[in-house]
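Remarks on the structure that follows.
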Amino acid sequence: MSVATIQSDRLGANPFVVEGPIVSGSGIPGPNFSLGAVAGGDRDSEWVYCQLVLTSQTTLQPGQWFQWTRDYVASLLTTAAAVVGQRCGIFSGATQPPTLTGGPIGAITLVPGTYYVWLQRNGQAPALVATATAALVVAETTATAGQASAPASATATTKAVANVNFAAANQTFTATTVNGSNLLTSLSGLNAGSGPFIGAAVSGTGISGGTTISGITYSPNGVVQSITLSANATANGSGITITATGVLEATLMRPFLSKVN
């Protein structure tokens, strides 16, 4: 997984910092880079610097899909707004505390204004998906802003997103649950690079329906120590199989909107 391991080979470029809101005359400089500038990382990862203009309060979550124009003005990807030919990428995350090295963290809520963000277009990244089919090299838009889908067959009237691959349709690992606690511990069968990711829906014995991952704790060397859930477990258990869906590892190969399905 390329996310959050090497941020950039450009001095000062941090794909996990959202710049803004930029207000003319405020003294806050922006943009700090040329629109379309590219920052690289490990495992073929690339981020591109884009402008994001928000007209209402918006929460950005790691894994959200964006499209951008030839002028590098980005917007959340939806079927209705998708423009065939435009390039696509993923918001990898907003913050990266120095003690956490294994993966993207942190949704960020932004007030209306003009921002500048680094969007990932190449390499391995968390991706917000309604449905995923392993090994496909095409996904599609959905009506939900920032969410894609990769069903076994195309959905009519959606827009196809070429050059994206999902390694698996879901992710499974084992954990210990404690009745009344929202922490999963004694984790096995996962690594910090390939997830699970914040926002993913989880299911398993003792896990209430609709529960999602709200936080992940890593050791300084990037090992996942515990996972925080949005709801408390309802039973004690060890070696419980947990299935995560909704935010999955994707391989990006400079995806773009290729056609109308």
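The values are calculated or read from the model by the stated rules, or taken from the named source; none is laboratory data. Computed from a prediction, not measured in an experiment: that's the story for all the values here. For neighbour counting, all protein chains shown are included, and Cβ atoms are generated from backbone atoms with ideal geometry for every residue, glycine included. Ligands, DNA and RNA are stripped out before the accessible areas are found, and what is left, the full protein with its side chains, is counted by its heavy atoms. Shrake-Rupley method; radii C 1.70, N 1.55, O 1.52, S 1.80 Å.
How much net charge surrounds Gln124 when only other residues with a Cβ under 13 Å from its Cβ are counted (Lys, Arg +1; Asp, Glu -1)?
Numbers: positive: Arg43, Arg121; negative: Asp42, Asp44, Glu46, Glu249.
Counting the neighbours of Gln124, the net charge comes to -2.
Determine the dipole magnitude for the chain: charges of +1 sit on the beta-carbon of Lys and Arg, -1 on that of Asp and Glu, nothing else is charged, the reference point is the Cα centre, and the result goes in debye to the nearest 20.
Its charge dipole is roughly 300 debye.
Calculate the tail of P(r) for segment 160-261: the fraction of all Cα-Cα distances greater than 16 Å, expressed in %.
Working: 2963 of 5151 pairs.
Percentage above 16 Å: 58.
For the chain, what is the relative contact order in percent, using Cα pairs closer than 8 Å and at least 6 residues apart in sequence? Can you show the working numbers first?
On the way: 789 pairs, mean separation 56.7, N = 261.
About 22 percent, as a whole number.
What is the percent carbon and sulfur in the accessible area of the chain, measuring with a 1.4 Å probe over the protein chains and ignoring ligands?
Numbers: 5700 of 10750 Å².
Within the chain, the accessible surface is 53 percent carbon and sulfur.
By DSSP, what percent of the beta bridges with both residues in segment 173-254 are antiparallel, rounded to the nearest 5?
Here the antiparallel bridges make up roughly 100 percent for segment 173-254.
Could you compute the FRET efficiency for Ala167 and Arg254, with r as their C-beta to C-beta distance and R0 at 22 Å, rounded to 0.05? Intermediate results must be reported in sequence, preceding the final value.
Details: r = 18 Å, r/R0 = 0.82.
Efficiency computed from Cβ-Cβ geometry: 0.75.
In the chain, with Lys and Arg counted as +1 and Asp and Glu as -1 at Cβ, which of these residues, Ile28, Leu76, Val18, has the Cα nearest the positive end of the dipole, that is, farthest along it?
Value: Leu76.
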